[in-house]
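The block underneath contains the structure these notes are about, expressed in structure tokens.
The values are calculated or read from the model by the stated rules, or taken from the named source; none is laboratory data. These numbers were taken from a predicted model, which means no experiment stands behind them. Cβ placement follows ideal geometry from the backbone for every residue including glycine, while neighbour counts extend to all protein chains displayed.
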């Protein structure tokens, strides 16, 4: 498991097994590690663990526009504050005070030390992350913060926007903002922080929930017409900003899965996935045409096509070895996108190499890999493919579509996944 790596973390007083872990955030589309490798605060999964010293904050004093106290709060680099700009001449400043009962973790695109988990835009197809210098990122530099209770039940709550290195959050004139009945201010960030809590936990019985938007103060709203609209959605009073096992957090450019420590304890390990791979290979599946034995490559070699690599026709599910025939050449279609005709059943469809899903945190059960996502060819359990193919993930600023969690490639076909049909050896 990955540890925090930035600040010392405390061990449980009742346990010598290591730090108290609140949970982990896992980036969708990374399949076990970033394409360029996990380095420092930039990695595919991030463990939130109890810190040696509490660093949580909570709102305290609201300063009216133009008062000396407001300017003092903003300029004090030891004091957390949020500034709500109503007009050029009017800024309401809300002072935040230390909270000894909570730990704060910040997520965003910025590499400043105030950010604990650096997240960059994820490209579909598992081809890596967008380079912020060449592609305009839609992820905020200080996207969101998660506040965790230091004592059981270790509740984790999410809030839009993070504090910068000067401990400030600034909501400009164009940001949606408003004053609440208790006098406190609230607002939304430019592209917003969306959260979806699954129904029935993160298990075989899981069903997708509704996407909501989280405000700077942690209130829950229906979605705006577009991500950056200045008109906020309707407040959803009964719903909470508390993350549950399987909650999805979308930062407009990257989507993160929250897994609680308890949920991860029930999740298959990489060791278990490796055992399933070996068991699958021990069955010596064969290419029904070439009769050569097929084998899934090791999890470490998850991106290199092997000569014994299983390939599949993803409309019918028949598994073969690679062969170069059966396709009709269309000069206007990329070779990897051209459809092939299955020699077993004559069904035409995508013909792709199969890859095992290596990120154990995406699995809703520990069952064998029997199904593949269409059209990327990532393989995992039936219930896992069924769950993810139901989830509309945010795409761009106003659309949603189901995607493979291992590579974020949009799903196609009738159901987004297919049961694989392996040919057993004839001897």
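If a residue has to be loosely packed, with under 15 Cβ neighbours inside 10 Å and either farther than 20 Å from residue 262 by Cα or touching a strand residue (DSSP E or B) at 6+ places or on another chain (Cβ under 8 Å) (or both) to count, how many in the stretch 190-206 make the cut?
2
Just checking, which of 172, 187, 162, 209 is in contact (Cβ under 8 Å) with a residue 12 or more places away in the chain, surrounded by fewer than 18 Cβ atoms within 10 Å (Cβ to Cβ) and either more than 21 Å from residue 54 (Cα to Cα) or out of contact with any helix residue (DSSP H, G or I) (no Cβ under 9 Å at 6 or more places or on another chain) (or both)?
Values: 187 fails: surrounded by fewer than 18 Cβ atoms within 10 Å (Cβ to Cβ); 162 fails: surrounded by fewer than 18 Cβ atoms within 10 Å (Cβ to Cβ); 209 fails: surrounded by fewer than 18 Cβ atoms within 10 Å (Cβ to Cβ).
Answer to the selection: 172.
Here is a check on your reading of the model: is residue 34 under 23 Å from the mean Cα position of the chain (by Cα), in contact (Cβ under 8 Å) with a residue 60 or more places away in the chain, assigned to a loop (DSSP other than H, G, I, E, B) and assigned by TED's automatic domain parsing to the domain that holds residue 111?
yes
So, of the residues in the stretch 68-92 that are touching a strand residue (DSSP E or B) at 6+ places or on another chain (Cβ under 8 Å) and in a loop (DSSP other than H, G, I, E, B), which turns out to be surrounded by the fewest Cβ atoms within 10 Å (Cβ to Cβ)?
79
Before we move on, is residue 245 assigned by TED's automatic domain parsing to the domain that holds residue 26, buried (at least 19 other Cβ atoms within 10 Å of the Cβ) and in contact with a helix residue (DSSP H, G or I) (Cβ under 6 Å, 6 or more places away or on another chain)?
When the stated conditions are applied, residue 245 passes them.
So which of 277, 259, 308 is part of a strand (DSSP E or B) and surrounded by 14 or more Cβ atoms within 10 Å (Cβ to Cβ)? Walk me through how you get there before you give the answer.
On the way: 277 fails: part of a strand (DSSP E or B); 308 fails: part of a strand (DSSP E or B).
When all the criteria are applied, what remains is 259.
Please specify each residue of the stretch 406-427 satisfying the condition of being crowded, with 21+ Cβ neighbours inside 10 Å and farther than 19 Å from residue 312 by Cβ.
Across the stretch 406-427, the qualifying residue is only 408.
Of the conditions (1) closer than 27 Å to residue 293 by Cβ; (2) surrounded by fewer than 23 Cβ atoms within 10 Å (Cβ to Cβ); (3) touching a residue at least 60 places away in the same chain (Cβ under 8 Å), residue 392 clears all except one; give me its number.
Among (1) closer than 27 Å to residue 293 by Cβ; (2) surrounded by fewer than 23 Cβ atoms within 10 Å (Cβ to Cβ); (3) touching a residue at least 60 places away in the same chain (Cβ under 8 Å), the lone unmet condition for residue 392 is (1).
How many residues does the stretch 39-66 contain that are free of Cβ contacts under 8 Å to residues at least 40 places away in the same chain, part of a loop (DSSP other than H, G, I, E, B) and surrounded by 13 or more Cβ atoms within 10 Å (Cβ to Cβ)?
1
When the residues of the stretch 375-389 are narrowed to those that are without any contact (Cβ under 8 Å) to a residue 60 or more places away in the chain and closer than 21 Å to residue 212 by Cα, which ends up surrounded by the fewest Cβ atoms within 10 Å (Cβ to Cβ)?
Checking each candidate, the answer is 389.
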